[in-house]
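The values are calculated or read from the model by the stated rules, or taken from the named source; none is laboratory data. Every value quoted in this text rests on a predicted model; they were computed, and no experiment measured them. Please note: Cβ atoms are built from the backbone with ideal geometry, for glycine as well, and neighbour counts cover all protein chains shown.
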Amino acid sequence: MIGTRQRIHQKITGLLAALVVMAATLDQPALANPEGGVVAAGSAVISTPDPKTLHVHQSSDKAIIDWRSFNIALDETTQIFQPWSSAWTLNRVVGSQDPSQILGTLRANGNIAIINPDGILFGPNSRVDVNGLIATTHDIRNDDFMAGRMNFTLPGKAGASIVNQGNISIADQGIGAFVAPGVRNQGVIAARFGKVSLAAANGFTLDFYGDDLVRLVVGDEIAHEVVDVATGRPVADLVKNEGRISADGGIVALSAATARRAVNSVVNNSGVIEARSIGQKNGRIILSAQTARTKTVGAPVQKVQVAGRLDASAPEGGDGGFIETSGEQVALDPGALITTAAPFGATGQWLIDPTDYHIAASGGDITPAALAAALANNHVTILTQAAGTENGDIFVDDALSWSAHKLTLSAWRNININASLNGSGTASLALEYGQGAVAASNTRDYFLNSGASIGLPAGQSFSTKLGSDGGTINFTVITTLGDEGSTTETDLQGMQAGLGGNHAQPGPGFFLPPPFPFTVTYYCPVMS
């Protein structure tokens with residue numbers, strides 16, 4: 001009897017153990033190199049030289065392979081041999097409803113595309129070495145791909161995402177495009193002289209010659225909740241970089257279609273993005289949120305969150321590059337570093353492109369301290385647009401002091417200066433108002449309100465412009481008497497050499513021009 005009980009107990013124990021193993025297997029599907037590959041177009045041969053290695057030998061310029069699954073385990077390698085570096089291999093997952101997990105090594109001497117409508121994860125120990133890479137949840141018609149028409153316009157799963165936690169290396173002048181309803185980089189993506197794009201969208205067209213690389217459909221909207229493929233949780237940001245993206249001499253673009261659901265931000269950088277100048281190749285960094293063409297009351301704000309480091313500088317020579325941060329709301333973290341500095345050339349430009357914009361010590365979009373720090377390393381342009389209930393106005397609510405580079409306030413409608421703008425050193429200022437299609441002329445102006453003033457150093461430029469088609473009035477700031485007979489046009493005596501020009505003497509509220517166009521005479525105090 002005891003023996004029988006023991007045997008029954010052993011059988012039950014064994015059965016329970018088998019169920020545990022089965023449950024674990026279901027929770028963690030077994031990974032292998034890509035399986036079930038069928039060549040759908042072009043010419044390629046698939047082989048497995050050993051259990052942990054998969055090879056694809058491609059002889060045509062383009063090839064399409066449909067796979068049952070496209071995974072690479074930690075100790076596995078998939079290598080694609082292509083006839084030349086400009087060749088393309090499209091790897092499409094058709095037989096699975098699970099995200100692809102790239103945990104091992106993927107190599108190709110040419111360009112590869114990975115399509116999985118359920119998402120793609122590049123794990124923390126993954127290594128990708130390719131000439132170019134497209135990773136997306138969106139499909140493309142075979143005829144389009146084989147003809148070189150890169151129209152990835154067939155949407156995948158509505159809430160799918162792509163996450164990189166590994167190391168992705170793209171050859172010089174190569175491209176890296178990561179497009180899904182949600183995209184996150186936590187690892188490293190490098191493409192010297194190349195183009196890297198992370199985009200949240202339901203479809204896209206690859207633009208090899210454009211600045212953004214990935215061209216989104218105008219009016220595209222992310223309407224569903226997006227789930228992070230690595231964590232299984234809803235995403236707080238549609239596109240997020242918290243790792244490192246480097247494309248020195250090239251372009252890095254983070255962009256997103258309109259978010260229909262509330263999210264923390266549509267584009268969020270808290271990591272490092274580098275596109276530094278190399279020789280005459282200036283880098284560009286673009287963070288851009290697409291705004292709905294018709295803004296409804298209560299619709300989510302299309303916010304771009306700027307933290308971490310955006311570096312388009314020229315530390316080794318040449319001119320600084322260009323940085324753009326564009327969205328309905330552009331929020332700057334106080335600790336963010338934005339730089340287009342060029343110690344051996346011309347400083348670059350940082351363009352901030354929001355709707356209404358407030359310069360304020362608290363409760364605004366950027367603090368005077370943060371803007372002054374940015375002006376130390378960049379020429380800065382704040383260029384507003386009108387959307388919904390916001391008119392594209394710029395407000396200077398707290399005093400700003402800066403000592404270098406040009407600050408341009410370019411408002412769709414009005415500029416409201418409620419606190420002083422104090423430039424020193426090599427600082428300069430441009431005020432551009434009424435840049436949008438504002439019907440009533442009396443609603444476009446700039447106001448130097450009570451208690452505010454504009455002060456700039458001698459000889460530095462100050463300009464105003466009304467309307468996008470209007471002319472710019474440039475002023476020379478005069479602060480000194482000058483020697484008798486002076487003709488420099490930068491001192492009081494020298495003004496007689498430029499009587500047809502525009503001059504301004506600084507002081508409290510020194511400059512408040514009448515409506516454009518105008519002729520103005522400045523009466524200076526008697527100086528002995």
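What the table shows:
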quantity: Of the criteria (1) assigned to a loop (DSSP other than H, G, I, E, B); (2) on the phi < 0 side of the Ramachandran plot, which one Glu324 fails; calculated: (1)
quantity: Residue within the stretch 332-343 that is touching a Ser or Thr at 6+ places or on another chain (Cβ under 6 Å), assigned to a strand (DSSP E or B) and closer than 29 Å to Thr426 by Cα present; calculated: yes
quantity: Pairs, first at positive phi in the stretch 36-52, second at pLDDT below 95, C-beta under 7 Å, six or more apart; calculated: Gly36/Gly95
quantity: Filter pass, Thr443 being surrounded by fewer than 18 Cβ atoms within 10 Å (Cβ to Cβ) and modelled with pLDDT of 75 or more; calculated: no
quantity: Search result, residues across the stretch 59-79 that are without any contact (Cβ under 8 Å) to a residue 40 or more places away in the chain and part of a strand (DSSP E or B); calculated: Ala63, Ile65, Asp66, Trp67, Ser69, Gln79
quantity: Members of the stretch 399-412 that are crowded, with 18+ Cβ neighbours inside 10 Å and either β-branched (Val, Ile, Thr) or over 26 Å from the mean Cα position of the chain (by Cα) (or both); calculated: Leu400, Trp402, Thr408
quantity: Filter result for the condition that a residue is aliphatic (A, V, I, L, M), buried (at least 23 other Cβ atoms within 10 Å of the Cβ), touching a strand residue (DSSP E or B) at 6+ places or on another chain (Cβ under 6 Å) and farther than 20 Å from Ser463 by Cβ, over Ile359, Ile415, Ile352, Ile323; calculated: Ile323
quantity: Complete set of residues in the stretch 244-266 that are crowded, with 19+ Cβ neighbours inside 10 Å and under 19 Å from Thr339 (Cβ atoms); calculated: Ile245, Ser246, Ala247, Asp248, Gly249, Gly250, Ile251, Val252, Ala253, Leu254
quantity: Residues within the stretch 269-283 that are among the charged types (D, E, K, R) and either more than 8 Å from Ala312 (Cβ to Cβ) or in a strand (DSSP E or B) (or both), tallied; calculated: 2
quantity: Identity of the residue in the stretch 57-100, surrounded by fewer than 21 Cβ atoms within 10 Å (Cβ to Cβ), modelled with pLDDT of 95 or more and small (Gly, Ala, Ser), that ends up farthest from the chain's Cα centre (by Cα); calculated: Ser59
quantity: Within the stretch 31-56, tally of residues that are closer than 15 Å to Asn111 by Cα and over 36 Å from the mean Cα position of the chain (by Cα); calculated: 1
quantity: Residue count, the stretch 223-251 (criterion: touching a residue at least 40 places away in the same chain (Cβ under 8 Å) and either hydroxyl-bearing (Ser, Thr, Tyr) or more than 16 Å from Ala180 (Cα to Cα) (or both)); calculated: 10
quantity: Residues of the stretch 389-398 satisfying the condition of being under 26 Å from the mean Cα position of the chain (by Cα) and among the charged types (D, E, K, R); calculated: Glu390, Asp393
quantity: Of the criteria (1) at pLDDT below 95; (2) surrounded by 24 or more Cβ atoms within 10 Å (Cβ to Cβ), which one Gly194 fails; calculated: (1)
quantity: Subset of the stretch 185-215 (residues that are within 16 Å of Pro117 (Cα to Cα) and under 15 Å from the mean Cα position of the chain (by Cα)); calculated: Ala199, Ala200, Ala201
quantity: Some residue of the stretch 209-227 being surrounded by 15 or more Cβ atoms within 10 Å (Cβ to Cβ), closer than 21 Å to Phe152 by Cα and of a type in the set (Lys, Arg); calculated: yes
quantity: Selection status of Leu456, at pLDDT below 90, of a type in the set (A, V, I, L, M, F, W, C), surrounded by 21 or more Cβ atoms within 10 Å (Cβ to Cβ) and within 19 Å of Ala374 (Cα to Cα); calculated: yes
quantity: Unmet criterion (only one of (1) under 13 Å from the mean Cα position of the chain (by Cα); (2) of a type outside the set (Val, Ile, Thr); (3) modelled with pLDDT under 95; (4) surrounded by fewer than 21 Cβ atoms within 10 Å (Cβ to Cβ)) for Arg293; calculated: (1)
quantity: Conditions (1) of a type in the set (Phe, Trp, Tyr); (2) over 21 Å from Val38 (Cβ atoms); (3) in contact with a helix residue (DSSP H, G or I) (Cβ under 9 Å, 6 or more places away or on another chain); number of the one not met by Trp88; calculated: (2)
quantity: Cβ pairs under 8 Å, 6+ apart, first in the stretch 322-333 and closer than 14 Å to Thr384 by Cβ and modelled with pLDDT of 90 or more, second surrounded by fewer than 20 Cβ atoms within 10 Å (Cβ to Cβ) and among the acidic types (Asp, Glu); calculated: Glu328/Glu390
quantity: Meets criteria (in a loop (DSSP other than H, G, I, E, B), surrounded by 24 or more Cβ atoms within 10 Å (Cβ to Cβ) and of a type in the set (Gly, Ala, Ser)) for Ala314; calculated: yes
quantity: Extreme residue, modelled with the highest pLDDT, among residues of the stretch 372-394 that are among the small types (Gly, Ala, Ser) and farther than 14 Å from Ile359 by Cα; calculated: Ala376
quantity: Verdict on Arg276 being touching an Asp or Glu at 6+ places or on another chain (Cβ under 9 Å) and more than 26 Å from Ile102 (Cα to Cα); calculated: yes
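Residues are listed down the side, and each one gets a yes or a no for (1) touching a residue at least 60 places away in the same chain (Cβ under 8 Å); (2) under 21 Å from Gly182 (Cβ atoms); (3) not aromatic (Phe, Trp, Tyr):
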{"position": "Asn282", "(1), (2), (3)": "yes, no, yes"}
{"position": "Ser288", "(1), (2), (3)": "yes, yes, yes"}
{"position": "Ala314", "(1), (2), (3)": "no, no, yes"}
{"position": "Leu351", "(1), (2), (3)": "no, no, yes"}
{"position": "Pro368", "(1), (2), (3)": "no, no, yes"}
